[in-house]
Amino acid sequence: EGMAKIEKDRKEKEKHENEEKERHQLAKVKAEEEARREAAEKNERQRLAKEEADRKERQRLAKEEADRKERQRLVKEEAGRKERQCLAKEEQERIAKAEQEKAEALAKKEKERLRTVRELQEKEAEAMQ
């Protein structure tokens with residue numbers, strides 16, 4: 001009977017040890033799974049953060065490009081405006097010169113007409129004398 005008791009106690013002790021080992025192994029597996037899950041979550045957060053940073057960088061670059069194109073357009077527009085101003089000024093100068101020449105030609109014709117009238121009047125006056 002004493003041997004049976006010792007054997008029973010040994011088996012009971014072995015059973016408890018095995019259960020403890022099993023609990024320990026289960027806890028270890030759970031801890032490993034939790035660590036893998038946390039690592040996967042961390043990797044996912046990092047991936048999302050990188051995607052967001054990349055998106056913001058693309059957005060910044062697109063805005064820079066749009067700003068550059070707008071500045072280019074404004075410079076081109078200003079150059080066109082200056083060119084049109086210059087052409088308009090040249091046209092005004094050409095018109096003013098043509099008007100000046102026309103006025104001078106008219107004045108010359110009027111002066112010639114007056115000289116002719118005066119000469120005719122002088123000839124008439126001489127003829128009357």
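Working carefully through the options 126, 83, find the one that is among the acidic types (Asp, Glu) and surrounded by 10 or more Cβ atoms within 10 Å (Cβ to Cβ). Show your work before the answer.
Numbers: 126 fails: surrounded by 10 or more Cβ atoms within 10 Å (Cβ to Cβ).
Checking each option against the conditions leaves just 83.
In the set 60, 45, 37, which member is in a helix (DSSP H, G or I), under 25 Å from the mean Cα position of the chain (by Cα) and surrounded by 10 or more Cβ atoms within 10 Å (Cβ to Cβ)? Explain how you work it out, then say what you get.
Details: 45 fails: under 25 Å from the mean Cα position of the chain (by Cα); 37 fails: under 25 Å from the mean Cα position of the chain (by Cα).
None of the others qualify; the one that does is 60.
None of the figures in this text is laboratory data; all of them are computed from the coordinates on show. None of the values given here were measured: they were computed from a predicted structure. Positions of Cβ are generated from backbone atoms using ideal geometry, with glycine treated the same way; all protein chains shown enter the neighbour counts.
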